[in-house]
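Read the structure below first, then the notes.
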Amino acid sequence: MVERYEDWDDWKKTLGQAVAAGNSIGMGDETIVKIGSKLGDILDSIVEPENREQRVLKELWDLASEEEQNALTGMIVKMVKGERKVET
């Protein structure tokens, strides 16, 4: 079952924790982006957005080419890593 996040900040926090966990086991951001893009494809087909921010991401994802999806995933990784730095 996929966890659902109605709160945008909770969603970003959880993503940030996942990115940090990947980094802690030696995954680079490039690997995380590749995995994130594949996961994005899966989630796009089975999960309905819970808030307006997630709806915007879904619309962008659906319109994007594979290269653009990778770029979007990279920006999301960058965003959640920045969030984690602000928290600490």
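Every number here is computed from the coordinates shown, using simple stated rules; none is lab data. None of the values given here were measured: they were computed from a predicted structure. Every residue, glycine as well, gets a Cβ built from its backbone with ideal geometry; the counts of neighbours run over all protein chains shown.
Of all residues in the range 24-48, those that are more than 17 Å from residue 67 (Cβ to Cβ) have Cβ atoms under 6 Å from Cβ atoms of residues that are surrounded by fewer than 15 Cβ atoms within 10 Å (Cβ to Cβ) and not basic (Lys, Arg), 6 or more apart or on another chain, in 47/2. Being among the acidic types (Asp, Glu) and closer than 15 Å to residue 78 by Cα is the filter here; which residues of the range 10-56 pass it? Passing the criteria: 29, 30.
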